[in-house]
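The values are calculated or read from the model by the stated rules, or taken from the named source; none is laboratory data. Treat the numbers as computed from the prediction; the structure is a model and nothing was measured. Here Cβ is always computed from backbone atoms with ideal geometry, including for glycine, and neighbour counts include all displayed protein chains. Ligands, DNA and RNA are stripped out before the accessible areas are found, and what is left, the full protein with its side chains, is counted by its heavy atoms. Shrake-Rupley method; radii C 1.70, N 1.55, O 1.52, S 1.80 Å.
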Amino acid sequence: MKRLLSAALLAAAMSSAAYADTIKVGIVGPFSGPFALQGKNFKAGIDAYVAINGHKVGNHEVEIIYRDVPQADPAQSKALAQELIVKEGVQYLGGFYFTPDAMAATPLLQQANVPMVVMNAAASAIVTKSPYVVRTSFTIWQTVSPMAQVAFDDGAKKVVTVVADYAPGHDAEAAFKAGFEKAGGAVVEQLRMPMSTADFSPIMQRIKDSGADGLFVFLPSGPPTLGFVKAYNENGLKAAGIKFFAPGDLTQESDLPALGESALGLQTTFHYAVSHDSPENKAFVTAASKAIGNQAELSFPAVGAYDGMHVIYKMIEATGGKQDAEKAVGAVKGLSWTSPRGPVSIDPESRHIVENIYLREVTKAADGTYYNKEIRTFEKQGDPGLAAKK
Ligand code: PHB
């Protein structure tokens, strides 16, 4: 079976080795189920990019093909990536909301001669799994490391960490502990929860019992983050003065209408805020809002996808439409541009995005809506997780 699949991959790679008029891009993400809004943001970012830059690169028509993996499911992700390569003949893979889904597709890339542009998945290790992976989102180490210092400066001395029990959660736990202890604080307890956790009351009780003066949390954005922030309020932790530290996954803009006052004042660190004040972001928000149909649903996966398309367009340009993964990836090493999030570049060594990380605070606007207001910038952050060597 394995040999058969390999032969099919090779044949697919060879048959499309010639110049193609239509370049197919396969996008894997959650387009149904509890995380569907995150997938919808991938599509909005891609649609916005195409609306602004056109659907052609040179003479080549770019066609996007979507495949749905509703929850983290590495076997399904790999099977769909394989199907996109072999049956659909895609020259590029992109998307990948969850780390396990991205990881599972990496063994296909080299033999299939296909680059993969990770538009969200954020465990540091993904880029090390294949030389054909490029990432345009962020890593957990990148967003969490500045938060560890912010937490200490804010006066927290004893913190409990709470994370989803999978690779990005483990990265978050390690990144926060490393930064917070270096600053002089202590992590007094490390709690891991199954990804499917929906009732956060027991964990809130444990945090209260620990005597910590703050909590640090990472969960994948979507229903878990909404549930956690609500529970932090409803179980009296906010009222008790237990400080809240987290990356921006916990206060994504699309959750803010439902969170309302319970999110007000929460500070998080992240690579993108919908409110970012720049001409590039204004153009992006206008196009992506039109694509998604409701600006209140816009969130960070849209910007990862938008910049991911920029990288794919540059790859198509550099290869003249020919299927040559090595040349395509080589062409974007060191690429720099102004993203809606601010200035970015692709680190030539790691193939991961270098970007500003912003400290933001959930703020109420004059019209009564809530937004993440940028209050401080940590410039040109690489990925400390790759150096941390796990
Ligand atoms: C991931 O699985 O890598 C992931 C998912 C959602 C996030 C961040 C990271 O908000």
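Scanning the range 111-137 for residues that are open to solvent by 10 Å² or more (accessible area, probe 1.4 Å), away from the ligand (no atom under 12 Å from the Cβ) and of a type outside the set (S, T, N, Q) returns 129, 131, 132.
Here residue 46 meets each of (1) assigned to a helix (DSSP H, G or I); (2) within 15 Å of the ligand (Cβ to nearest atom) with one exception, condition (2). Just one of (1) touching a residue at least 40 places away in the same chain (Cβ under 8 Å); (2) within 13 Å of the ligand (Cβ to nearest atom); (3) out of contact with any Asp or Glu (no Cβ under 9 Å at 6 or more places or on another chain) fails for residue 259. It is (2).
Do we find a residue being more than 28 Å from residue 129 (Cβ to Cβ) and part of a strand (DSSP E or B) anywhere in the range 295-316? Before the answer, list the steps.
As a first pass, look at the range 295-316 and keep what is more than 28 Å from residue 129 (Cβ to Cβ): 295-298.
So of that shortlist, the ones also part of a strand (DSSP E or B) come out as none.
Taking every residue of the range 295-316 in turn, none turns out to be more than 28 Å from residue 129 (Cβ to Cβ) and part of a strand (DSSP E or B).
Under the condition of being surrounded by 24 or more Cβ atoms within 10 Å (Cβ to Cβ), more than 15 Å from the ligand (Cβ to nearest atom) and part of a helix (DSSP H, G or I), the residues counted in the range 72-96 number 3.
Give me a count of the residues in the range 280-307 that are among the hydroxyl-bearing types (Ser, Thr, Tyr) and surrounded by 23 or more Cβ atoms within 10 Å (Cβ to Cβ). Before you say what the answer is, go through the steps one by one.
Pass one, the range 280-307, residues among the hydroxyl-bearing types (Ser, Thr, Tyr): 286, 289, 299, 306.
Pick out the ones that are also surrounded by 23 or more Cβ atoms within 10 Å (Cβ to Cβ) and you get 299, 306.
Of the residues in the range 280-307, 2 are among the hydroxyl-bearing types (Ser, Thr, Tyr) and surrounded by 23 or more Cβ atoms within 10 Å (Cβ to Cβ).
Here is a check on your reading of the model: is residue 99 crowded, with 24+ Cβ neighbours inside 10 Å and within 11 Å of the ligand (Cβ to nearest atom)?
Details: crowded, with 24+ Cβ neighbours inside 10 Å: yes; within 11 Å of the ligand (Cβ to nearest atom): yes.
When the stated conditions are applied, residue 99 passes them.
Reported count of residues in the range 321-371, each being assigned to a loop (DSSP other than H, G, I, E, B), in contact with a Phe, Trp or Tyr (Cβ under 7 Å, 6 or more places away or on another chain) and in contact (Cβ under 8 Å) with a residue 40 or more places away in the chain, is 4.
Only one of the numbered conditions (1) open to solvent by 10 Å² or more (accessible area, probe 1.4 Å); (2) within 13 Å of the ligand (Cβ to nearest atom); (3) charged (D, E, K, R) is not met by residue 230, and that is (2).
Just one residue in the set 202, 223 is out of contact with any helix residue (DSSP H, G or I) (no Cβ under 8 Å at 6 or more places or on another chain) and within 15 Å of the ligand (Cβ to nearest atom); that residue is 223.
Could you check the range 149-178 and list, in sequence order, the residues that are small (Gly, Ala, Ser) and either open to solvent by 20 Å² or more (accessible area, probe 1.4 Å) or within 16 Å of the ligand (Cβ to nearest atom) (or both)?
Narrowing the range 149-178 to residues small (Gly, Ala, Ser): 151, 155-156, 164, 167, 169, 172, 174-175, 178.
Across the range 149-178, the qualifying residues are 155, 164, 167, 169, 172, 174, 175, 178.
With respect to the conditions (1) open to solvent by 60 Å² or more (accessible area, probe 1.4 Å); (2) modelled with pLDDT of 95 or more; (3) not polar (S, T, N, Q), residue 30 falls short on a single one, namely (1). Scan the range 33-43 for residues that are outside any helix (DSSP H, G or I) and either crowded, with 21+ Cβ neighbours inside 10 Å or at pLDDT below 95 (or both) and jot them down. 35 - this is the single residue of the range 33-43 that is outside any helix (DSSP H, G or I) and either crowded, with 21+ Cβ neighbours inside 10 Å or at pLDDT below 95 (or both).
If you go through the range 52-65 one residue at a time, do you hit one that is crowded, with 24+ Cβ neighbours inside 10 Å, at pLDDT 95 or above and closer than 23 Å to residue 289 by Cβ?
Step one: filter the range 52-65 for residues crowded, with 24+ Cβ neighbours inside 10 Å, giving none.
There is no residue in the range 52-65 that is crowded, with 24+ Cβ neighbours inside 10 Å, at pLDDT 95 or above and closer than 23 Å to residue 289 by Cβ.
Of the candidates 249, 277, the single residue that is acidic (Asp, Glu) and open to solvent by less than 20 Å² (accessible area, probe 1.4 Å) is 249.
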